[in-house]
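**Q** I have a structure here, written as structure tokens, and I will follow up with some questions on it.
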Amino acid sequence: MSFDVAGDKYDRFMGRYSRELAPRFIEFAGVESGMAVLDVGCGPGALTERLVQRVGAEDVAAADPSEQFVAAAAERAPSADVRLAAAEQLPWEDDRFDAALSQLVVNFMRDADTGVSEMRRVVRPRGVVAACTWSYGEDMEMLRSFWDAARRLDSGAPDEASTMPYRTVEELDELWRRTGLSEVTTDHLRVETSYTGFDELWDPFTFGVGPAGAYLAKLSREQREEMRTELFKGLGEPSGPFTLSATACAVRGSA
């Protein structure tokens, strides 16, 4: 899978959902004015930008292992402390923040236990460590529709609903407790996004973003066209605007 793309391409693919999810996630995490907050795996900065609006740029830091995403996040939140770093090696001292949040990233960490432990390390005692991931089954219509189309054409195609780790609140709860976090709570956060037409949904799949984009990039031109047709049919052949929903599994604990 690949996230080595320009920030605007990610925004057109998944960022439209991230922007809707960010304020709901911030509320779930209990971020309030006056808190120092870290965004781990910030991507192009959808959550970072919202955190700046909530607590002020001087109290927001962010990290991502993609140079292009870091550049995009720094442009979106120019006064925040945005750094190039992986979750497993955060470049901040112990007990630096009141909260560490990670939106749609835990299941892409190289080592989730280490990444969450790092989030816990940089948060002060009793501080918040929170994350959310997509519920990859029927509750994430964009990806569900894509993989259903892929598997109708290729029975050997992967399926994030069965292969992606940490896609349920139960898995996240276990991970949080395993890394020593306490007072763990979970919830589901639902968002919707609207498309002006099918091409607005389809074109970003061709950018090569994430598992779906990586899968599509390996197909021949003819196979990609078959995928496009199959996805279009699977969505009911929309002739105009349509809306898709997505549900994220969220977890919060105390350091």
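**Q** How far is helix 46-55 tilted off the main Cα axis of the chain, in degrees rounded to 10, range 0 to 90?
**A** Approximately 30 degrees, to the nearest ten.
**Q** Treat each spin label as a single point 7 Å out from the Cα along the C-beta direction, and report the GLU200 to SER254 distance in nm.
**A** Each label point is offset 7 Å from its Cα along the Cβ direction, giving 4.4 nm.
**Q** Counting other Cβ atoms within 10 Å, which trypsin sites (Lys or Arg not before Pro) in region 79-167 have at most 11 and lie in a DSSP loop?
**A** Sparse-neighbourhood loop trypsin sites (Lys or Arg not before Pro): ARG110.
**Q** Let me ask you something else. Report the local net charge at ALA63: Lys and Arg +1, Asp and Glu -1, summed over other residues whose C-beta lies under 11 Å from its C-beta. Spell out each step's value before the answer.
**A** Details: positive: ARG83; negative: ASP39, ASP64, ASP81, GLU88, GLU118.
Overall, the nearby charge balance is -4.
**Q** While we're looking at this one, here's another question. What list of ³J(HN,Hα) couplings, whole Hz, do you get for region 28-34 from phi and the Karplus terms 6.51, -1.76, 1.60, once you set θ to phi - 60° and write x for glycine and proline?
**A** 4, 6, x, 6, 10, 3, x
**Q** Calculate the FRET efficiency for ARG96 and VAL184 from the Cβ-Cβ distance with a Förster distance of 22 Å, rounded to the nearest 0.05.
**A** Working: r = 22 Å, r/R0 = 0.99.
Rounded to the nearest 0.05, the efficiency is 0.50.
**Q** Connecting C-alpha atoms closer than 10 Å in a GNM of the chain, tell me which of ALA74, ALA62, ALA217 has the biggest fluctuation.
**A** Of ALA74, ALA62, ALA217, the most mobile in the Gaussian network model is ALA217.
Only the coordinates and a few stated rules stand behind these numbers; no lab work does. For clarity, every value in this text was computed on a predicted model and none was experimentally measured. Heads up, the Cβs are rebuilt from the backbone with ideal geometry, glycines too, and the neighbour counts pull from every protein chain shown.
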